[in-house]
Amino acid sequence: MHNTKSIKLVTYIENMGELEKIIKLKKADSILIEMIVGAMELSRYSKTSIAEMLELTQEARKNNIEVVLEWDALNQEEKFSQACAVIDRLPLHDFKAIRLQDPGAVEYIKNKYPWLKIQLILENGNHNLVGLNRWCEYLGEQCERLVLSNELSKEKLSEYAKVLKIPLEVLVFGRILLFYSARNLLSPLEKKSIEDGTIEAFGTSEESPHSGFPLIENRHGTFMFNVKDLYLLDHLDELSSMRINHCRVDLRFDESFEKYAENIIRLFTGSILESELFVRKSYPRPLVKGFYNINKTDVLFTKLKNKRTQRLDEFYIGEIVDVERDQQMALLIKSNGLDVAPEVEIKMITPEGKEKIVKLSWMKSSVGESLAKALKDDLVLIPYTSGVSVKTQVYLN
Amino acid sequence: MAHWTPELLSPAGSLEKLKVSVLYGADAVYLGGQKFGLRQASDNFTYEELSEGVEFAHSRGSKVYVVLNSFLHDKDLEELPEFLGLLEELKVDAVIVSDLGVISTIQKHSHLVIHLSTQASCLNIESAKLWQKMGAQRIVLGREVTIKEAAKIKMATGLEIEMFVHGSMCMSYSGNCVISNYTQGRDSNRGGCAHSCRFEYSIDFKLESNESKKAYFMSSKDLEGIRMLPEFIEARIDSLKVEGRNKSHHYAGTISKVYSDALSFYKANGNFLSSDMLSWEEELRKVSHRDYTTGSLDQYAGADSIYNDREQDDNEFVVSGIVLEATVGQHLLVDVKSAFHPGDILEVMPFRGATQKLDVAFLQSLSGVALLKSKPGSIVKIPYIAGAEKFNIIRKRAQHA
């Protein structure tokens, strides 16, 4: 028996068949459920018309299911004005809250409908507590929930849940969005217009280690998803113990929500392990935990550049820019305040990290004149030192 | 009477490139420190280089903006205040930011001017108003926004507006792509982008047909906004940004020079000549680029903005080197970027005015040894040409098979 009674299932309902199934299951089992509805004018992937969406909303409300409106499409000014006009025509009092991602949508709702609760989608970045707190402060009591990024590890989720005073939501089952473009990228290949429809496809590249990225094009642009869907249904207890009590299941795409609804609901009502196993084993697409256990997507950065070729401290002189074996090397003086003169001892750090310390026996200009001093931006010739190559950094020793 | 023109903002991927951009006419440059930006593989600037870069730019009347536009995680944010102190000390002109946590940290620890990065995908008036309340003084609009829409945003908010005028474009809404995170384990929004959008994909349309089509369907053509300058000026867009901190000296110099020449001409004359426009376009084709598009500057980018082709290096010109020293009447010392030979005809790009032909009558090592070929990464002597200066770019027409 699981301890997930306090977790609310947040899910999308796209048609009356799905809604009827939910209503039936809800009657059989006491589950906390919240239904997200969208219309194709406002929601990124919705195929539902405004009329259908309103019909779903009314039916859900009649059956005591909370309904939240989604407006998560990103819109340039012209399209944004059109979206605002759609919003203004909706019976917004019928919705428990509105889910928003575009800061413009946030600002519009905040100012025009200050009574309408906002579920703020912060899945895109927003990986620090300072920022999350600032969003909460800005929206105040109008903000009823933060929807957090899939890239946050459980350690971070736990930390945030302890500090933030607001309910938090994460995706626990569904596609992971990788890419969102305003442009229509699939229809040109089919040489046709999408109008109000949707084109779906899979993309595979030989240059990528993965294959079969789901793709969607619709009126909002083109979307690419991960080859594996996020699956954290086996972590509901853990999330609940962290006080993350809103878990989203998003099966709007080619998978049937109805097929899995019963078992998912049993899981959310603290029911048996078999339900979890059924979902996991029978789901047609590969599953992944994403960054839930750990996020190390910055560890490779240190390997992307050679730190030894960077200047380090106040004793910096410059860089070797040319080497003529057994004869001379060209040193470009780059330091701001150092005067370089013969007889000083210099330390050279090669790109491979080797250190060479030598005394400057002579220094010449490019026309062969002996120099007693060199200044910033001068290019000077100095004696050859074996093992030193171009990009070696030179310091006063 | 001088006519109003926007600021030209060029990339500075390194200290040397900063100097090139400024000398070739940039009114401002943007650059990254060792952390907090989106180009982890770039040279980026150490504190000392930053100090020298700011001094160099300011002494020539150019501004310096520092990118802090990663989506920072908590541990990154802890390291930020110290860097902010250094930036204030150096008197950088602004920082470019996309994350609200970063904005809040900047406001708490400094008085630095905040520009909102395109990474925040600010696309409409209401969004700009929100970021204005959060402390942004300038908005770098998303590349999906038209100039007409940008004008409305400026009018409604009074904010400074910056738009991209030239360079590579993300196909995704900026900040809305995490392909690298999930496929390569590199955070694209902290500088680890692996450019998966430039790959060729085979596309299977499961609903429409069973056939598979191969295409570079996610790769965008490069932005070229030279012909849109009258519209930018009419809309009073404050700053025109050139993409390309990872790009070459040749790119930084050429693009800065062309747009600077164009804006200077307008400043003096209040118009553009079609003959000049043609020659500027010709110059822009001499640097490394994909096919050009005006993107969404005029109307939302359509199918013709997709670069459905393999990435290739078929530039009309390649950079031969950068002048390190010009010894009048004797020689130029050139930092070689690509090989050339005695007898080659090169072009020297002055900071102002037309390019000059340079006959490589001799090619020597620094010790005076005659060379048959210059080696990239070495310094060579070639004949002096009147007017050549330190940091001039020398280029050569490419020879394609």
Original post:
For the stretch B:154-217, what percent of Cα pairs sit more than 15 Å apart?
Top reply: 68
Original post:
For the stretch B:1-76, what Kirkwood radius comes out of the mean inverse Cα-Cα distance, in Å?
Top reply: 13.0
Original post:
How high is the relative contact order of the stretch B:311-401, given as a whole-number percent (alpha carbon pairs under 8 Å, six or more residues apart)?
Top reply: 40
Subject >> Calculated over the stretch B:181-249: convex hull of Cα atoms, volume per residue (Å³) >> reply: 196
**OP:** Using the Cα centre as the reference, give the magnitude of the dipole from point charges on the C-beta atoms of the protein assembly as shown (Lys, Arg: +1; Asp, Glu: -1; all else neutral), rounded to the nearest 20 debye.
**Re:** 700
Subject >> Kirkwood Rh in Å, taken over chain A so that all alpha-carbon pairs contribute >> reply: 25.3
Subject >> Exercise: per-residue mean of other protein chain Cβ atoms within 10 Å, A:235-243 >> reply: 0
Original post:
Kirkwood Rh, Cα Rg: Rg to Rh for the stretch A:193-257?
Top reply: 1.10
Subject >> Cα coordinate range in the stretch B:72-206, projected on the principal axes (Å, largest first) >> reply: 53, 39, 24
**OP:** Determine how many Å³ per residue the convex hull of the Cα atoms of the stretch B:1-130 encloses.
**Re:** 128
Original post:
What percent of all Cα-Cα pairs in the stretch A:26-177 falls in each 5 Å bin, counting up from 0?
Top reply: 2, 8, 18, 21, 20, 17, 10, 5, 1, 0
**OP:** Just the number, please: Stokes-Einstein D of the stretch A:307-396 in µm²/s, Kirkwood Rh from C-alpha pairs, 20 °C, 1.002 mPa s.
**Re:** 169
**OP:** Please quote Rg/Rh for chain B to two decimal places, taking the Kirkwood radius as Rh and restricting both calculations to Cα atoms.
**Re:** 0.98
Original post:
So what is the relative contact order of chain A, in percent, for Cα pairs below 8 Å that sit 6 or more residues apart?
Top reply: 14
**OP:** Please give the residues of the stretch B:230-244, grouped as numeric ranges, whose backbone N is less than 18 Å from a label point set 7 Å along the Cα-to-Cβ vector of residue B:4.
**Re:** B:230-241
**OP:** Calculate the radius of gyration of the Cα atoms of the stretch B:203-343 to one decimal place, then report Dmax, the largest Cα-Cα distance, as a whole number, both in Å.
**Re:** 19.7, 71
**OP:** Please grab the % of Cα pairs in the stretch A:81-157 that end up more than 20 Å from each other.
**Re:** 34
Original post:
For the protein assembly as shown, what is the mean residue ellipticity at 222 nm derived from helices alone (per DSSP H run of n ≥ 4: -39500 (n - 2.57); sum divided by total residues; nearest 500 deg cm²/dmol)?
Top reply: -8000 deg cm²/dmol
Subject >> Equivalent ellipsoid semi-axes - Cα gyration tensor, the stretch B:127-284, angstrom >> reply: 32, 22, 16
Original post:
If all Cα-Cα distances of the stretch B:63-130 are sorted into 5 Å bins from 0 onward, what percent lands in each bin, rounded to whole numbers?
Top reply: 4, 17, 29, 25, 15, 8, 2
**OP:** Could you give log10 I(q)/I(0) at q = 0.27, 0.30, 0.34 Å⁻¹ for the stretch A:181-224, computed by the Debye formula over C-alpha point scatterers of equal weight, without solvent?
**Re:** -0.93, -1.06, -1.21
Subject >> Binned Cα-Cα distance frequencies in the stretch B:317-397 - 10 Å width, integer % >> reply: 21, 62, 16, 1
Original post:
So between residue A:51 and residue A:372, what do we pick up on full extension, going 0.36 nm a residue minus the alpha carbon distance?
Top reply: 107.0 nm
Subject >> Equivalent ellipsoid semi-axes, the protein assembly as shown, via Cα gyration tensor eigenvalues times 5, rooted, Å >> reply: 53, 28, 25
Original post:
Using only the Cα atoms of the stretch A:155-293, what do you get for the radius of gyration and for Dmax, in Å?
Top reply: 17.4, 52
Subject >> B:149, A:369, A:200 arranged by Cβ crowding within 10 Å, fewest neighbours leading >> reply: A:369, A:200, B:149
**OP:** Determine how many Å³ per residue the convex hull of the Cα atoms of the stretch A:221-280 encloses.
**Re:** 111
Original post:
Quick one: B:304, A:94, B:93, fewest Cβ neighbours within 10 Å first, how do they rank?
Top reply: B:304, A:94, B:93
Original post:
With charges set only on the Cβ (+1 for Lys and Arg, -1 for Asp and Glu), what does the dipole of the stretch A:307-396 come to about its Cα centre, in debye to the nearest 20?
Top reply: 260
**OP:** Pick out, from A:204, B:181, B:223, the residue whose Cα sits farthest towards the positive end of the charge dipole of the protein assembly as shown, with +1 on the Cβ of Lys and Arg and -1 on the Cβ of Asp and Glu.
**Re:** B:181
Original post:
Ranking A:7, A:23, B:394 by Cβ neighbours within 10 Å, fewest first, what do you get?
Top reply: A:23, A:7, B:394
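Just so you know, all these numbers are worked out from the coordinates, no wet-lab data involved. This is a predicted model, so every value here is computed, not measured. All Cβ positions, even for glycine, are placed from backbone atoms using ideal geometry, and neighbour counts span all protein chains on display.
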